[in-house]
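Contents: one structure, followed by commentary.
We did not get these values from a lab; they are worked out from the coordinates using the rules stated. Keep in mind that this is a model prediction, so the values were computed, not measured. Quick reminder, even Gly has a Cβ in these numbers, built from the backbone with ideal geometry, and neighbours come from all protein chains shown.
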Amino acid sequence: MELTSADRYRLSRACGEFDAEVIYLNTTTLGLPPRRSLLALQAALQDWRRGTANPVEYDGALSAARRAYATLVAVDPSAVAVGSQVSMFAGLVAASLPPGSEVLTASGDFTSILFPFYAQAGRGVTVREVPLDRLADAVTSATTLVSVSAVQSADGRLADLDALQVACAATGTRVLLDTTQAVGWLPVDAGRFAYTVCSGYKWLLAPRGTAFFTVLPGAGDELVPHHAGWYAGEKPWSSIYGSPLRLAADARRFDLSPAWHSWIAAAPALELLTEVGPAALHAHALGLAERFRVAAGLPSASSAIVSVVADENVPDLMSAAGIVGSVRAGRLRLSFHVSTSEQDADRAAEVLAGHVRP
């Protein structure tokens, strides 16, 4: 995608919201909060300290975050549930599988979308792992569910979602797609899959304690809301005591009681991302990652996450230059997001060229 002048203006404004004192290339581990999130959180904390906070008003921030996330993944807000962790929602899907189900996943995927299914072994649920590039081909009529990340956390590889959707449509297999390392830089249409899960504290630039779960209408009917609490009610603040069960009619029946202050900071961050838009975010992140790859002598790739083998000098070089990344699966992992500038990418490449390889 070629960025328009309007895109560049919005990206420039968004990038100006970040105050990193280092070259921060570690969004895959922890996203940086924009200034507007910090200000909103500080105001809420002051209200809390003064005794003037009204918890009912926190619902406004959570609702705004739900709407913004729905916009980013192209679904209606009624299809979005909120919670605190991906594994809670994956566990909900796992616990609702029929006994004897087969779950297909990619070898080495993130354990938050693997362990909940392995934990169902006592009910006869089996998990079959195959290489990511063979995932779609491995779907059979015996496969009840595919649980996979849209983008691999360890190395940034992308799942072939088009092939997966075609294969699963042919067999009636449902998909649980973890979009934690995707939404925020990679356009995602959550409406293509039965379930998607996403943690907020990485590419969504929100605090820990924020997560999203999307459910297609028909798929939600098969899920038992095992963790139903007061916030899953149709009118949470007026249905907090006694029976009968009266859950929300839409995906909100899967909501978890929110960590309020996390959502206060999440809403402005998500609104910033929607202001820029998924297409421009994708072009920006991918463009910077490719700029780094070219300058560092690395092959082209289609991911905003760069995973390389680094020599023994790299830790000291990065520390001296103030470059922050991470190591996953024995490889250096760098990521490029709206908080990253061209100067960041160029300086990182200058420092690391000759010391990293595919």
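Quick notes
- Rounded, prolate or oblate (a/c below 1.5 giving rounded, otherwise prolate when a/b exceeds b/c) for the stretch 1-86 by Cα gyration tensor: oblate
- Residue-by-residue Karplus 3J(HN,Hα) for the stretch 152-169, coefficients 6.51, -1.76, 1.60, Hz, glycine and proline x: 5, 5, 5, 9, x, 5, 9, 6, 7, 5, 5, 5, 5, 4, 4, 5, 6, 5
- Beta bridges from DSSP with both residues in the chain: antiparallel share about 55 percent, rounded to the nearest 5.
- Straightening the chain between residue 36 and residue 5 buys 8.8 nm, computed as 0.36 nm per residue apart minus the Cα-Cα spacing.
- Rg and Dmax of the chain, both derived from C-alpha coordinates alone, stand at 20.8, 66 Å.
- Taking every alpha-carbon pair under 8 Å whose residues sit at least 6 apart, the stretch 178-259 reaches a relative contact order of 23 percent.
- Spread of Cα-to-Cα distances over 10 Å intervals beginning at zero, given as percent, for the stretch 210-325: 10, 24, 23, 20, 15, 7, 1
- Inter-label distance for residue 140 and residue 57, nm, one decimal - labels placed 7 Å from Cα along Cα-to-Cβ: 5.9 nm
- Rounded if a/c under 1.5, otherwise prolate or oblate - the stretch 152-260, Cα gyration tensor axes: oblate
- Using every pair of distinct Cα positions in the stretch 29-157, the Kirkwood expression returns a hydrodynamic radius of 17.8 angstrom.
- Spin-label model distance (nm) - residue 107 vs residue 171, 7 Å beyond Cα toward Cβ: 1.8 nm
- Positive-end extreme of charge dipole, the stretch 106-246 - chosen from 185, 239, 215 (charges on Cβ): 239
- For the stretch 322-337, putting each phi into the Karplus relation 6.51 cos²θ - 1.76 cosθ + 1.60 with θ = phi - 60° gives couplings of x, 9, 10, x, 8, 10, 9, 6, x, 10, 6, 10, 10, 9, 10, 9 Hz, in residue order, rounded to whole numbers and with x for Gly and Pro.
- Part-to-part distance (alpha-carbon centres) for the stretch 312-353 and the stretch 103-144, which is given in Å: 33 Å
- The residues packed around residue 273, meaning those with a beta-carbon under 15 Å from its beta-carbon, carry a net charge of +3 if Lys and Arg are +1 and Asp and Glu are -1.
- Full-stretch length increase - residue 240, residue 189 - with 0.36 nm per residue and alpha-carbon distance subtracted: 14.9 nm
- The chain - charge dipole about Cα centre, Lys and Arg +1 at Cβ, Asp and Glu -1, debye rounded to 20: 620 debye
- Karplus-derived 3J(HN,Hα), 6.51/-1.76/1.60, for each residue of the stretch 20-36, Hz, glycine and proline x: 4, 9, 9, 7, 8, 10, 9, 4, 4, 9, 7, x, 7, x, x, 4, 5
- Between 27, 180, 52, the residue with the greatest mean-square fluctuation in the GNM of the chain (Cα pairs under 10 Å linked by springs) is 52.
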